[in-house]
Structure formats: C-alpha cells, structure tokens
Amino acid sequence: MGGVEDDEPASKRMKLSSEELIHLSNGSTVKESIVGSSRDLMARPLQSDGGEEVVGSKGVIKKVEFVRIIAKALYSLGYIRSGAHLEEESGIALHSSIINVFMRQVLEGDWDESVATLHNIGLTDEMTIKSASFLILEQKFFEFLDEEKVMDALKTLRTEISPLCINHSRVRELSLSIVSPSHCFPVRSPKQDTSRARSRTKLLEELQKLLPPTVMIPERRLEHLVEQALGLQRDACMFHNSFDEEISLFADHQCARDQIPSYALQVDANGISLKHKLSGHQKPVSSVSWSPDDHQLLTCGVEEVVRRWDASSGECLSVYEKAGLGMVSCGWSPDGKWIFSGVNDKSISMWELDGRELECWKGQRTLKISDLEITSDGKQIISICRETAILLLDREAKVERFIEEDQTITSFSLSRDNRFLLVNLLNQEIHLWSIEDDLKLVSKYRGHKRTRFIIRSCFGGLEQAFVASGSEDSLVYIWHRGTGELVEALPGHSGAVNCVSWNPTNPHMLASASDDRTIRIWGLNNLSAKQKDIHGNGIHYSNGGT
C-alpha cells in the first residue's frame, strides 16, 4: 500500500497560498480555484528507490523523507514562509501536485472531483480507497442535510455511499438521520461558511490518518520521533529517578548515581512514639493492611481471625472468622467496601465490612501463610496457591491463571499499575512477571542473600523503574527494573533486612526494616531534591508501601 510523489519544487508546482492548505491544522479556507481536471495529473516519484540519498553518519535516514518531515514540522509550527523556502531550496516537495489538488478539492467541497482524484493518487489498497471515499461522501451527505437538500442527501446515500458496500452499521445510521436528524448527530448550522470549512479541515485530518504516510505525512510526525528518541534515552538511563530532570535535545541524556536513595536520612529505633496498642489477637499477627483511605487497619493472626480497627481511636470495629477454621492473610478491595481473607482450608473469602461473608472460592486457592493482593480495579485476587505457584483469580470472569515456578515461592509484590508481579524465590532469585495479558517471565534479579527468613522486595522510584529487596547479609539491594543490573547495595543495618518499602509519592525515599530492630529511611545526599505530587493506588498489602 503506498502512493507516488512529485519531484517538482515549490516554484514549479501549482501555487498554493500559505493560508490555504499547506498548514492544515490552522483550519484555513481555500481562496483560489483549481484549473483543469485531476485526471490530467499523475504523481511521479520523488526519487528512485535504487539510489536514494541519505543523511546521517549511519546512512539510514533518507534525505527526501527527512526534508519532507522537517517541512511538515515547520508548517505545523506556523512557519509558513520557512516551510515554503525549504521546499524551494531543496527541490523536495512536501506533497505532490495531485495531493495538493486533492486537499484543495476537499476543502472547497468539490466532492465528486475529490473522489475521482483519490482514485488517481496511485493507492494500491482497495479498502483504503473505499474507506476514504466513504468519509468524503459522508461529508457531502451531511452538508446536503445542512442545506436542507434532503433529496440530494438521499441520492448520495443510495447511489454513492451504499454501493461502496462497507460500514453497513454506519450506513443505517445515516439513513435514520434523514428521518430524524438528531438521531445520528446534531445537524451543523449552515449559517456561516467558516463552520463548514472547519468541518472540512477535520475531514482532511481524518483522511490524512487513513492514507499511507508516504502520501500524506502524519501530523506532528517530527515531534513524535523526537519524543520517542528522548523516551528511549530515558529508559536506557540506569539512574533516571527524578521528576525535575530536564531532558535536553542538545546532549544525550544520562543521570548521575546520586538520583538513587543511598543516604540514611533517619534511623528509627526508640524514637517512634506509640499511638495505640491493638490488643485482641490470641496468636502472633502475620499480616497488617491499611485501608485505601488510611482510616482503618486490618490485622490477621496466624490461623486465627481477621480484625478491623479504627486507626484514630484504636477501637476494634469487626472480627471476621469462620467456625473451625483460621485466617492466614487479609487485604482490602480498592474502594474499601469489602475485605478479602485467605483461610487455612486453602480457600479465599470475600466479606462485607459488617462481617457477612459474600463469597468463598474453595479449592487450592492459598497456602497457610500467604501474601494476598487485589488489583486496583478489584477484579483479580492474587495469592500463593501452592509452594511453586501463584493464582491469579478473575472473580468476575471466574477465570484462573497460574504463575508456575521451579522453586518455592516465599513472597510476591504487585506493581502499582497491576501489570507486573515480583516473585521472591527460595533459591535467592527475584523474578519479574508480566501479568497484563499472557503470563510471561520478563527478568531475574540476583545478588541478595536468603537462607532462613522470608525476605520481601518491592517496586519503586520514578514510574517504578527500580526493584529493591532486603537481604540476610544486612544490605539493601536496588536493581534497575528494565535492565536487571544491580544499581546499589546499601550498607548500614547490622542484621538481616526483612522488608523494604519505597515511598509511593517520593521516588527519592526508601524504607528498610531489619532484625537489628531499626527502620532506616534512605534518601539522596543532595537534600534539595524537590518532591512532586504523585498518587499511587494506595494498595500494597505485603510490603507496607502505603
């Protein structure tokens, strides 16, 4: 699928006023008439495929494409004369003569001529021609209705649009709009030509998206390429972790190591004040989960009950229990209206806040001691169901998916965007799984130590571009999520680091909890780094991320 072009410079082609159609996005109208028929105009190639001139050190940028994209950008920025001068001096036309004629015909409302020109452009895909013709004739149809020429609109529908034999549902809508104009779209006012011209400009933009880019260059193509290049540089930067970092076009982007939290800002041992002592569990507490609004707290005893507490008063609001069974994990729904619990009969229960059980998923759903996560849309429940498998249960579609590992799973952590899962294994590896569509192992992280205890990891940093983990060698490990490279191994603790949690709103702050009975808050050496407001989903049940 493609088109042919014209190698005539701006001075040799049919002159088009700068106010007319060179800069399509300004919604301008056509002022000059077209001489001759489009059937006499056939586009010619700008240059032969065999000997195309290239620019750049790698020899992959075709000069003709490069110049045309620059000219398109100049016109889009409003530099009309500069764009015309570039065409003139380079001898490379932004559009061929036949494309310029086609654009003018559309803007002037010469519908029959524009459809005829469309067939002469040189397109090879029949469906593209039909779809473009449909858009043009649809515009013709609506303008007849605007002018209250109902019979002409009906004739266009019957003799021109319907024979295209595409988009049948849309054809039915157009038929209904004749009977009831408000059924399809509000009929535009025909009082001013400017309103119809803006509509035609919009039509031209839609045609531009439909036609091959070699025929009509997409809007903002140069901006898209530059943004794509900057994004690739940012993603390749191992230390990129700052909101304030300005990525410049003048130099390749590379952040310094000081963007990673590696300085102990605060060590809390005895300096934390006790607000409430929540008493009531008869067995050790295995999990704690804050409500999405931070006003309530869930606690779960080891194979005992789940309790819901008022965080302000310390009052126990509800107790969730099942006769003869014990709870092993707990978590909130994203809206805070329900809670979920893992049960020691390997099932998962869903509860009303008042303690009434709504639903129970029986079978091999969870282990006796297991992490429990709920995606932010509330649709999926995630739990360790076997020693080497994680269950992803879609509670609405009632579909089960499983992440299967070769090693025993000790814990896992869900990313804020619900697309990835960090899985900690007994063999001192952390696996990153993509869970958005098909389950796929994306990356592995190694280096931390785990021989006896459950060690937890977490996502963190700007756009959660990093993975952090505790370790039994008293270090905090940080990897770049995309490359898997170890970025930092932070010393400071004197005992095993069991858990880490990256601040969800400040990418420069990380907390770690250790057997040395301290919690360390890690930040930047340069304390002038500014914190900007980013809101996570407020749900992280395993590593205390909220």
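Couple of notes before you dig in:
- Net charge of the neighbourhood of ASP354, taken over other residues with C-beta under 12 Å away and scored Lys/Arg +1, Asp/Glu -1, is +1.
- Computed over region 84-124, the Cα gyration tensor eigenvalues convert (square root of 5λ each) into semi-axes of 24, 13, 5 Å, ordered from largest to smallest.
- Region 359-450: proportion of alpha-carbon pairs further apart than 14 angstrom, %: 63 percent
- The slack in the chain from ALA323 to LEU225, taken as 0.36 nm per residue of separation less the alpha-carbon distance, amounts to 29.1 nm.
- Trypsin sites (Lys or Arg not before Pro) restricted to region 401-508 and DSSP loop, no more than 11 other C-beta within 10 Å: ARG452
- Calculated FRET value between VAL55 and ARG257, using beta carbons and R₀ = 45 Å, to 0.05: 0.80
- 1.4 Å probe accessible area per residue over region 364-484, in Å²: 40 Å²
- For region 87-172, carbon and sulfur atoms together expose 50% of the accessible surface, with a 1.4 angstrom probe and every protein chain in place.
- Distance (nanometres) between label positions extended 7 Å along Cα→Cβ at CYS360 and LYS209: 5.1 nm
- Region 425-477, accessible surface, carbon-and-sulfur percent (1.4 angstrom probe): 45 percent
- Of the trypsin sites (Lys or Arg not before Pro) found in region 287-348, those that fall in a DSSP loop while having at most 13 other beta-carbon atoms within 10 Å are LYS337.
- Across all Cα atoms of region 305-389, the radius of gyration (one decimal) and Dmax (whole number) stand at 12.6, 41 Å.
- Bins of 10 Å, starting at 0 and running to the largest distance - Cα pair percent for region 273-326: 25, 55, 18, 2
- Here the spin labels are modelled as points 7 Å beyond Cα on the Cα-Cβ line, and at CYS316 and ARG517 they lie 2.8 nm apart.
- Karplus (6.51, -1.76, 1.60) ³J(HN,Hα), θ = phi - 60°, over region 348-358, in Hz, Gly and Pro reported as x: 10, 10, 10, 10, 6, 4, 7, x, 7, 6, 8
- Compactness of region 390-502 was expressed as the Cα radius of gyration divided by 2.2 N^0.38 Å, which yields 1.07.
- Solvent exposure of ILE455, expressed as accessible area, is near 0 Å², computed with a probe of 1.4 Å over the protein chains only.
- Whether region 80-177 is rounded, prolate or oblate, judged on the alpha carbon gyration tensor where a/c under 1.5 counts as rounded: prolate
- For SER443, distant residues with modelled amide H under 5 Å away: LEU432
- Karplus-derived 3J(HN,Hα) values for region 71-85, using 6.51 cos²θ - 1.76 cosθ + 1.60 with θ = phi - 60°, are 4, 4, 5, 4, 5, 5, 7, x, 8, 5, 5, 5, x, 5, 5 Hz; glycine and proline are entered as x.
- 5 angstrom amide H check on GLY326, placed H, neighbours 5+ away: ASN344, ASP345
- Rounded to whole numbers, the Karplus 3J(HN,Hα) couplings from phi for region 499-516 are 8, 10, 8, 8, 4, x, 10, 10, x, 9, 10, 9, 10, 9, 10, 9, 5, 6 Hz, using 6.51 cos²θ - 1.76 cosθ + 1.60 with θ = phi - 60°, and x at Gly and Pro.
- Taking the alpha carbon gyration tensor of region 199-250, multiplying each eigenvalue by 5 and rooting it gives semi-axes of 34, 12, 9 Å, largest first.
The values are calculated or read from the model by the stated rules, or taken from the named source; none is laboratory data. These figures come from a predicted structure and were not determined experimentally. Quick reminder, even Gly has a Cβ in these numbers, built from the backbone with ideal geometry, and neighbours come from all protein chains shown. Please note that ligands, DNA and RNA were not included when accessible areas were found on the heavy atoms of the full protein model with its side chains. Shrake-Rupley method; radii C 1.70, N 1.55, O 1.52, S 1.80 Å.
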